[in-house]
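The structure under discussion appears below in the form of structure tokens.
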Amino acid sequence: MEAASPPRPALAGELALLLLLATLWGASYSFIKLGVATIAPITLIAARTLIAGVLLLGIMRWRGIKMPRDRATWSRFAIQACLNSVIPWTLIAWGERFVDAGLATILNSAAPIFAFLFTAVVTRHEALTARKLIGVVVGMAGILLIVGVSALDHVGQQLLAEIAIVIATVCYACGAIFSRGFKGLDPMAPAAGSLLSGTAMLIPLSLVFERPWTSAPSAASILALLALAVFSTAAAFVIYFRLIQTLGSVGTTAQAYLRVPIGVALSVAFLGETLAPTAWVGLACVIPGVAAMTVPVRRAGKIG
């Protein structure tokens, strides 16, 4: 008898979760845009990391997963927090005060491009193939089209905001490389640990520089913050770790290609944003550039 193939409903369910994950992460840029309208950037991200970190810690305890307690691991959590949340999320939140959520979504999609450049130049744990090199060139061309073509038209905060979001993208790339050191832990441990470490850094900064008690956030900003923390951070991490186990790391990366058009579509539909023609062309370059570097090539079977 032939071995039974996996049931299609189960696969359909996992693909539905993949689409949900892409939607949650794509929506995060719109939530940030609504949040920073009346909440200062550092305060917004401090609250995001606190709420999401506590929720993940609760999920870990419910699952019986213990957090490590040694100083070395928590030092790595702190570094991961700087690369994955403290610096990039704050830069994105500040940047979205001056640029549209859709544009931020496109610029952030280039993280795999920078990750590949760093691995090729610094860690060298991946081979530099012609296809990946073409992907880098096409992807960087997309970024230049988005940022560089009209840079002289808005020298000032908008250009600085775009640069800040690109720097955040570079941080994501470094964080992806640094996270390779957490292989011995349950995947939720570094997620919760880095979020809680980030909270410990961000709350004092928020208190000193933004004095959140003097602000008057709107109901829309508060709801956006809660959605950002609960759905686009805590819930998204849970779904992500589930998909890593069922679809594998390669299959789960497909959300990166879905996230960009979904994020842009949500910003256009719900925030009324519009993108310049060069941004659309840049989007058409960034997505295939990222795909060229991350989608694995199927090796041909042996002949004879």
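For Ile39, the conditions (1) surrounded by fewer than 23 Cβ atoms within 10 Å (Cβ to Cβ); (2) assigned to a loop (DSSP other than H, G, I, E, B); (3) in contact with a Pro (Cβ under 9 Å, 6 or more places away or on another chain); (4) not aromatic (Phe, Trp, Tyr) are fulfilled apart from (1). Looking at region 191-214, is at least one residue among the acidic types (Asp, Glu), under 22 Å from the mean Cα position of the chain (by Cα) and at negative phi? No.
Right, Ile65: touching a residue at least 12 places away in the same chain (Cβ under 8 Å), of a type in the set (A, V, I, L, M, F, W, C) and not in a helix (DSSP H, G or I) or not?
Values: touching a residue at least 12 places away in the same chain (Cβ under 8 Å): yes; of a type in the set (A, V, I, L, M, F, W, C): yes; not in a helix (DSSP H, G or I): yes.
Yes, satisfied.
Taking the conditions (1) β-branched (Val, Ile, Thr); (2) modelled with pLDDT of 80 or more; (3) crowded, with 19+ Cβ neighbours inside 10 Å in turn, Val260 satisfies each one other than (2). The single condition among (1) over 25 Å from Thr90 (Cα atoms); (2) surrounded by fewer than 16 Cβ atoms within 10 Å (Cβ to Cβ) that Met60 does not satisfy is (2). Residues in region 89-119 that are hydrophobic (A, V, I, L, M, F, W, C) and part of a loop (DSSP other than H, G, I, E, B) were compared, and the one that is surrounded by the most Cβ atoms within 10 Å (Cβ to Cβ) is Ala110.
The values are calculated or read from the model by the stated rules, or taken from the named source; none is laboratory data. No experiment lies behind these values; they were computed from the predicted model shown. When we count neighbours, we look across all protein chains shown, and the Cβ atoms used for this are built from the backbone with ideal geometry, even at glycine.
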